[in-house]
Amino acid sequence: MKEEKLLIPTRTAFGKRLISLANDYDFVVCNADTKTCSLENFGKLYPDREVSFGIAEQNLVNGAVGIALSGRKAVLSTYAVFLSMRACEQVRSYACLTNADVLMVGTHAGLNAGSEGASHSSIEDVAIMRSMPNITIVEPSDRSSAESLAEAALRFKGPLYVRLHYRPIPEVHHSGFEFEIGKVYELFASGSDVCLMVSGALTGMALSAAGRLEELGIYSTVVEIPTIKPIDRDSVLKYAKRCGAVVAIHDHNIIGGLGSAIAEVVSEAYPIPVLRVGIRDSFAHSGSVEENYRANCISIEEIIESSRKAIALKGVSR
């Protein structure tokens, strides 16, 4: 019988896996006195390898960079919105400019944060972070990929931003899935009418939409792009040429997120329609995840409609 894994947030899966690897990898954890991804418990187990900076994200990043430049890998965690905005200068001028070996974990990403509201839901973080040189940005899509990513992140060298989610999301990968930073994953392929390119919390929704599209006689390919920067240009172009139309799906502002990264690649090398399903340049509000998604037209129905539109645009501009 196939083992059924409990749905837990990617932040929890990632943090607990990091803790379980502490005897195998030498790293220091820097906390901001917040409950983000279970790393707030690290100091109880390894008191000589944890530093708490309190609610002071700028100091958090600076301290982590100092540790990294002293020769030890540093891991820091806080809310994505505060890491990318309150500590933006520190991430840029200290972590990225020095190419420091810092693993930066940002939680409560996108509208998945739900009732956390506008102040704590990060809808701009990818746009901000991917504009900085030297940084790598990854976003897992479920518990299995988050657990595997944890070890890959510890092996990685240089500034790495891991974008994690507050609430549980459906499993899309099998138990034992091996995450490779930089790799693109083809999750479903019934045809080449349209390619659904997705990252993060909406991956399960994209797969459900692909099933519905097939019932309607529209045959799609679903590609997960967990490494948003540097984006795999060759893979993006391969699927762009195969399908001729793309729908980009991301729990992030449509400005600057995955859709923007994809559009930049195809517009330069193989111009085709790229439509975006995501946060429509608006703030989150204090409601459920479902309410926030509905307010931004993030749904299976929207993916289906965007797919129809993208297909209709094939060849119009060529």
Next item on the list: Could you list the trypsin sites (Lys or Arg not before Pro) in region 146-208 that lie in coil according to DSSP, counting only those with at most 12 other Cβ atoms within 10 Å of their Cβ?
Entry: 157
Check: In nm, to one decimal, how far is the modelled label at residue 241 from the one at residue 295, with both set 7 Å along Cα→Cβ?
Finding: 4.3
Note to self: Just to confirm the number: angle between the C-alpha axis of helix 57-69 and the first principal axis of the chain, 0 to 90 degrees, nearest 10?
What the structure shows: 80
Checklist line | Highest-MSF residue in the chain out of 164, 196, 154 [GNM, Cα springs under 10 Å] | finding: 154
Margin query: Looking at the chain only, what percent of DSSP beta bridges run antiparallel? Nearest 5 please.
Written below: 15
Notebook entry, point to check: Going down the table (238/309; 35/309; 73/183; 73/229; 183/309; 35/238), which pairs top 31 Å between alpha carbons?
Noted result: 35/309; 35/238
Note to self: So if each residue of separation counts as 0.36 nm, and I subtract the Cα-Cα distance between residue 305 and residue 24, what length gain in nm does that give?
What the structure shows: 96.4 nm
Check: What full-extension length gain, to one decimal in nm, is calculated for residue 46 and residue 97 as 0.36 nm per residue of separation minus the Cα-Cα distance?
Finding: 15.4 nm
Note to self: From the helices alone, meaning DSSP H stretches of at least four residues, give me the mean residue ellipticity at 222 nm for the chain, per-run term -39500 (n - 2.57), in deg cm²/dmol to the nearest 500.
What the structure shows: -9500 deg cm²/dmol
Checklist line | Debye equation applied to the C-alpha atoms of the chain, log10 I(q)/I(0) at 0.08 Å⁻¹ | finding: -0.34
Check: Is the shape of region 10-163 rounded, prolate or oblate, going by the alpha carbon gyration tensor and its root eigenvalues a ≥ b ≥ c, with a/c under 1.5 for rounded and a/b larger than b/c for prolate?
Finding: rounded
Notebook entry, point to check: At q = 0.26 Å⁻¹, what log₁₀ I(q)/I(0) does a Debye calculation on the Cα points of region 239-285 give, no solvent, two decimals?
Noted result: -0.89
Next item on the list: Find the cysteines in the chain that fail to meet the 4.7 Å Cβ criterion with every other cysteine, and list them.
Entry: 30, 37, 88, 96, 297
Check: Which percent, to the nearest 5, of DSSP beta bridges fully inside region 186-239 are antiparallel?
Finding: 40
Note to self: Cross-link candidates for residue 241: which aspartates and glutamates have Cα within less than 16 Å, leaving aside residues fewer than 8 places away along the same chain?
What the structure shows: 186, 193, 232, 264, 268
Check: Can you list the chymotrypsin sites (Phe, Trp or Tyr not before Pro) in region 1-72 that are in a DSSP coil and have 16 or fewer other beta carbons within 10 angstrom?
Finding: 25
Checklist line | region 206-318, Cα convex hull volume normalised per residue, Å³ | finding: 106
Item checked: Percentage, to the nearest whole number, of Cα pairs in region 31-88 over 14 Å apart -> 53
Notebook entry, point to check: Once the piece of chain linking residue 216 and residue 283 is laid out straight, how much longer is it, given 0.36 nm per residue of separation minus the C-alpha distance between them?
Noted result: 20.8 nm
Notebook entry, point to check: For region 40-57, list residues with backbone N below 20 Å from a point placed 7 Å from the Cα of residue 72 toward its Cβ?
Noted result: 40-54
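Just so you know, all these numbers are worked out from the coordinates, no wet-lab data involved. Since this is a predicted model, take the numbers as computed values, not measurements. Because the Cβ atoms are built from the backbone with ideal geometry, glycine has one as well, and the counts that use them run over all protein chains shown.
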